[in-house]
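Note sheet for the following structure.
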Amino acid sequence: MLAACQAAPLATATPSPSASATPKPSASATPAAAYPLTVTDDAGRAVTIAAEPTKIVSLAPSNTEVVCALDACDRLVGVTDFDDYPPQVKDVPKVVVQAVPDVEKIVAAEPSLVLAAGNQQTPQAVLDRLESLGIPLLVLYPQTLDGVYADIELVGRAIGVSERAATLTGEMRQRADAVAQAVAGAARPRVFYEVSVYQGVIYGAGTDSFLASMIELAGGEPVTGDATGVIQLENLVSADPQLILLGDAAYDASITAKSVAARPGWDGIAAVKDAAVKPMPDDLIITRPGPRIVDGLEALARAIHPESFE
Amino acid sequence: MRAAAVPAPRSLVGGPTLTRSAVVLGSGLVLLLGVLVLAVALGSVGIGIDDTARILAHRLLGIPMARTWSPGAETIIFDLRLPRVLSAMLVGAGLASAGTVFQALLRNPMADPYLIGTAAGASLGAIVGIVAPILVPALVLGAGTAWLGIGLVQVLAFAGGLLTVLVVYSIARSGGGVHVVTLLLTGYAISSILAAAVALLMFVSGRALGAVFAWLMGSLAAASWPSLAFATPLVAIALTLLVLRWRRLNLLLLGDTAAAHLGVDVEREKLVLTGLATLATSAVVAVSGTIGFVGLVVPHVLRLAIGPDHRLLLPASALFGASLLAFADLGARLAGGIPVGIVTALIGAPFFLWLLRRARVAPAA
Amino acid sequence: MTLLRVADLHFAYGRRPVLRGVSLAVERGELVALLGTNGSGKTTLLRLVAGTLRPSGGSVFVEGRPVGEWSRPELARRVAVLPQQLELPPGFRVGEVVEMGRAPHARRLFGRTEDDERAVERALRDADALELAQRPVDKLSGGERQRVLVAMALAQEPQLLLLDEPTLHLDVAHQLALLSTIDRLRRSRELTVVAVLHDLGMAAAFAPRVAVLHDGAVVAQGPPSEILSVQLVRRVFGVRADQARTADGGRHLVLRPG
């Protein structure tokens, strides 16, 4: 949900960061990375890592999942209190509480690498502070599925497990290709993915956002709001989505197809008239740009094109 | 001619005696040092008081000693807590002394350092600094690069505060004089305009809303050695010059006309005092965002406790304001890193209410 | 020697002229009462002498030098003003506010000199306020407050004391006491006093010389017994009066209602 809300100011400023992050897709040929090594992160920062990081702090659940998927879960010395996957990370000390990173705790963990999140999810002040203390820091902010692959490979390279990373992204690419094949040729419905509706302010996928790109890959035409994902009701009605997916229903049981139909002004939307409003219990993996993102893509494709997966 | 022709005792003239001043300022200094030790020793990561003391002795006094502590502990004490605690003290001192000056200048005990536009101007500047890189991605690199060790946000906040007061003052000025009520109303009007701009920017700030909010509530989370180095000389200069003007501040309490009869160039003095107090306020607001109540409550309480003579009141405000904010920030850190402005409001406002009630009950208040 | 000389003084608030060519000379040690109706320009004249207003024409000389050429502290060492009323800032003691009168003489950054202490003590004693020194200023009666203001002005050790209707808020007994004090000080300290007074009787009793302002100009000046005639009172104040003879052979005016 977090990464999906907004377009990509950071990446726009540093065009194609992922390209420089993965200079050698065939890195699997070299068994051990040569430290010190310098990598470029998603904020375009060149970061030099002196030795293989043994203590890693992750400031976002997606980053945690990447580290664990690379079999380096035991190197984590700090995570967020949102972290829930894989289950063993619940025992790792929490250095981000209620979305506020505690710099003291991060420093006390004496990390050899910090994996931060982009787009202010890790506040700029915290990035500046860690940087000024000389702690190696990678900002991960994938904008697309390809960006997720690139970030997995970036982290793999940084922590000396390039091979494992290449294997993982290879598997992910295969499954994503399978989804693409399954939905190829099918009609592409206009899909509105509801992130939240609060006090009449409607949040969906932002223009050019990660979520929008996921909907496209899953065989839908995303109905998007502005850069921050906000969409005016009248724009939503005039875009007339044929399918509404309720991401927020995963967290709030009171949000159902019925409650959506009862919202003033929504009853004119095609999806509401045709009863094509579905809760998305898998919201977390759809919007969390980690290694499980392909699971999310599959779930999204199944919701948009159930006929293709029968 | 009824009075006996005995030589008058020294106390006849009045004013704070040397002993009294020494007691007040001495106890303020002791309190400040106590808070400093406490606030540096406590935090979300437990570091023993013995290690804290050793790290400080080693880094500040250069005493060589065996390292019984981890490098992480040293970073926490010396690069995180110490600059933060010192920044809290600087901000507290700046706000409390500026509040004292504005209360005298506007002859209004409800005045605070933000009243004539500093807060609104600094807020707009800071929020432009926070939000602009998001709206105009080309600015991202500029925002990241520090300028003289401080960021775009600090520079814009400082400039915004100073500029706004300059505008307010020149609008309020008419016929060579500035009337207190006009100044207050002009400040209110300009602040309202700027507040609308702030609200607009907040609405479009998206993901940066958290940062904007933290700034508006006031937080010392971003305090660092460079920001401290930027603000300290400004506050020190302003404070020194203000304390040296204690006599004129006292005279202005008599009103513009009476002060003029006693030799004060009133309009010039008002301009100088406003300028110095705004300089201190803008410098500290750039470090911490807008922290409320310190600049209002500290001078008010101290005036009741030690009297209105600025010779003692002004330095005492700086000392006790410093302790208060460092203490409040300790609370904010221990409460999970909430903005310190929430703590000062939570403590300050009820205390202020109690004080108002007490003052009403007290005879001849 | 002429301490205060007002020469062809003009002043206007915006377009409304208040003073149109006032001339007046006051010798050292004199007590001159300024009389006139409300709006005749008496208070404006005082403000021009005190330097808080700037003339639109003509000049005011204090010790032979134009008021505008003295710096504020220089002027405050020579001219003190006793206002009608002054709200004293709460929290101070009487001794402390009287010491504020020493501000134009201040030589120490934070403390006071022995001269300052002597001057404050003498001012308190001369103003009959010595026993008030330790009292908080917010716990004074009207008469006491007026004595404190006198002490404050005396602490300035001025050559010239300006009184702006100082008796306005006092009862008759206190009015008499205040003016007696002022008159006594004029002699003992060789003070020069210019007082705006409302009460013609008080003016006649205390001022050896009065100047009557009417329509922004001095229409008469001289000893009150010669100046305050039935005709002048009628012309300037628009009231009718009778000349009466006192028991000791003096003359005074008795106002007639209607």
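The values are calculated or read from the model by the stated rules, or taken from the named source; none is laboratory data. These numbers come from a predicted model, not from an experiment. Quick reminder, even Gly has a Cβ in these numbers, built from the backbone with ideal geometry, and neighbours come from all protein chains shown.
In the stretch A:151-195, the residue that is surrounded by the most Cβ atoms within 10 Å (Cβ to Cβ) out of those that are assigned to a strand (DSSP E or B) and not aromatic (Phe, Trp, Tyr) is A:Val191.
Which count do you get for residues in the stretch B:46-70 that are crowded, with 18+ Cβ neighbours inside 10 Å and within 28 Å of the chain's Cα centre (by Cα)? Matching residues across the stretch B:46-70 total 2. Quick one: which residue in A:Ser213, A:Ser259 is surrounded by 15 or more Cβ atoms within 10 Å (Cβ to Cβ), at pLDDT 90 or above, in a helix (DSSP H, G or I) and more than 26 Å from the chain's Cα centre (by Cα)? A:Ser259 is the lone residue from the list that is surrounded by 15 or more Cβ atoms within 10 Å (Cβ to Cβ), at pLDDT 90 or above, in a helix (DSSP H, G or I) and more than 26 Å from the chain's Cα centre (by Cα). For the stretch A:185-241, a residue qualifies if it is without any contact (Cβ under 8 Å) to a residue 24 or more places away in the chain and either in contact with a Leu (Cβ under 6 Å, 6 or more places away or on another chain) or among the aliphatic types (A, V, I, L, M) (or both), and the qualifying residues are A:Ala187, A:Ala212.
Restricting to the stretch C:1-42, name every residue that is modelled with pLDDT under 90 and part of a loop (DSSP other than H, G, I, E, B). Answer for the stretch C:1-42, where residues must be modelled with pLDDT under 90 and part of a loop (DSSP other than H, G, I, E, B): C:Met1, C:Gly14, C:Arg15, C:Thr37, C:Asn38, C:Gly39, C:Ser40, C:Gly41. Within the option set C:Ala211, C:Ala123, C:Ala195, C:Ala204, being part of a helix (DSSP H, G or I), at pLDDT 90 or above and small (Gly, Ala, Ser) holds for one residue only, C:Ala123. If you go through the stretch B:221-245 and pick out every residue that is assigned to a helix (DSSP H, G or I) and more than 10 Å from every other protein chain (Cβ to nearest Cβ), you end up with 16.
For A:Ile244, indicate whether it is assigned to a helix (DSSP H, G or I), in contact (Cβ under 8 Å) with a residue 40 or more places away in the chain and crowded, with 21+ Cβ neighbours inside 10 Å. Reasoning before the result, please.
Values: assigned to a helix (DSSP H, G or I): no; in contact (Cβ under 8 Å) with a residue 40 or more places away in the chain: yes; crowded, with 21+ Cβ neighbours inside 10 Å: yes.
Against the criterion (assigned to a helix (DSSP H, G or I), in contact (Cβ under 8 Å) with a residue 40 or more places away in the chain and crowded, with 21+ Cβ neighbours inside 10 Å), A:Ile244 does not qualify.
Picking from residues in the stretch A:134-163 that are over 25 Å from A:Asp208 (Cα atoms) and in contact with a helix residue (DSSP H, G or I) (Cβ under 6 Å, 6 or more places away or on another chain), the one that is farthest from the other protein chains (Cβ to nearest Cβ) is A:Glu163. For residues that are closer than 24 Å to B:Ala259 by Cβ and among the β-branched types (Val, Ile, Thr), scanning just the stretch C:26-71, find the one that is nearest to the other protein chains (Cβ to nearest Cβ). Here the answer is C:Thr52. For the stretch B:192-211: of the residues being at the interface with chain A (Cβ under 10 Å from one of its Cβ atoms) and among the aliphatic types (A, V, I, L, M), which is nearest to B:Phe293 (Cα to Cα)? Going through the qualifying residues, I end up with B:Ala211.
Residues checked against (1) within 7 Å of chain B (Cβ to nearest Cβ); (2) loosely packed, with under 15 Cβ neighbours inside 10 Å; (3) not in a helix (DSSP H, G or I):
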{"position": "C:Gln84", "(1), (2), (3)": "no, no, yes"}
{"position": "C:Gly95", "(1), (2), (3)": "yes, no, no"}
{"position": "C:Gly111", "(1), (2), (3)": "no, yes, yes"}
{"position": "C:Arg118", "(1), (2), (3)": "no, yes, no"}
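Against the numbered list (1) touching an Asp or Glu at 6+ places or on another chain (Cβ under 8 Å); (2) farther than 25 Å from A:Ala109 by Cβ, B:Ile55 comes up short only at (2).
Per the conditions (1) farther than 22 Å from C:Ala50 by Cβ; (2) touching a residue at least 40 places away in the same chain (Cβ under 8 Å), the sole criterion not satisfied by C:Gly143 is (2).
Of the residues B:Leu262, B:Leu251, the single one that is at pLDDT 90 or above, buried (at least 24 other Cβ atoms within 10 Å of the Cβ), touching a Pro at 6+ places or on another chain (Cβ under 8 Å) and more than 30 Å from B:Leu152 (Cα to Cα) is B:Leu262. Of the numbered criteria (1) within 7 Å of chain B (Cβ to nearest Cβ); (2) within 18 Å of B:Ala259 (Cβ to Cβ); (3) surrounded by fewer than 20 Cβ atoms within 10 Å (Cβ to Cβ), the one C:Pro104 fails is (3). Filter the stretch C:74-130 for residues that are without any contact (Cβ under 8 Å) to a residue 60 or more places away in the chain and of a type in the set (Asp, Glu) and give the result. If the condition is that a residue be without any contact (Cβ under 8 Å) to a residue 60 or more places away in the chain and of a type in the set (Asp, Glu), then C:Glu74, C:Glu87, C:Glu96, C:Glu99, C:Glu114, C:Asp115, C:Asp116, C:Glu117, C:Glu121, C:Asp128 are the ones that fit.
A single entry from B:Val180, B:Val167 fulfils the requirement of being β-branched (Val, Ile, Thr), surrounded by fewer than 17 Cβ atoms within 10 Å (Cβ to Cβ), out of contact with any strand residue (DSSP E or B) (no Cβ under 8 Å at 6 or more places or on another chain) and at pLDDT below 90: B:Val180. Filtering the stretch C:72-79 for residues that are over 23 Å from C:Arg145 (Cβ atoms), among the hydrophobic types (A, V, I, L, M, F, W, C), facing chain B (nearest Cβ under 8 Å) and under 19 Å from the mean Cα position of the chain (by Cα) leaves a non-empty set. Within the stretch B:246-266, residues that are more than 7 Å from chain C (Cβ to nearest Cβ) reach partners that are aromatic (Phe, Trp, Tyr) with beta carbons closer than 8 Å, at six or more positions or on different chains, in the pairs B:Trp246/C:Phe110.
Within the stretch A:51-74, the residues that satisfy the criterion of being farther than 20 Å from A:Thr167 by Cα and surrounded by 20 or more Cβ atoms within 10 Å (Cβ to Cβ) are A:Pro53, A:Ile56, A:Val57, A:Ser58, A:Leu59, A:Ala60, A:Pro61.
The residue list C:Ala119, C:Ala153 contains one member that is more than 27 Å from B:Arg107 (Cα to Cα) and touching a His at 6+ places or on another chain (Cβ under 9 Å), which is C:Ala119. Looking only at residues that are over 15 Å from B:Pro71 (Cα atoms) and in contact (Cβ under 8 Å) with a residue 60 or more places away in the chain in the stretch A:93-125, which one is farthest from the other protein chains (Cβ to nearest Cβ)? Step by step, filter the stretch A:93-125, then rank; the result is A:Leu113. Any idea which residue in the stretch A:216-241 is surrounded by the most Cβ atoms within 10 Å (Cβ to Cβ), counting only those that are among the hydrophobic types (A, V, I, L, M, F, W, C) and within 14 Å of another protein chain (Cβ to nearest Cβ)? The residue in question is A:Ile231.
Is there a residue in the stretch C:142-151 that is at the interface with chain B (Cβ under 8 Å from one of its Cβ atoms), out of contact with any strand residue (DSSP E or B) (no Cβ under 6 Å at 6 or more places or on another chain) and among the acidic types (Asp, Glu)? No: zero hits. Restricted to strands (runs of 3 or more DSSP E) entirely inside the stretch A:84-142, those with at least 2 residues that are surrounded by fewer than 19 Cβ atoms within 10 Å (Cβ to Cβ) are A:94-97.
Within the option set A:Ala250, A:Ala276, being touching a residue at least 12 places away in the same chain (Cβ under 8 Å) and either more than 23 Å from A:Gly185 (Cβ to Cβ) or among the acidic types (Asp, Glu) (or both) holds for one residue only, A:Ala250.
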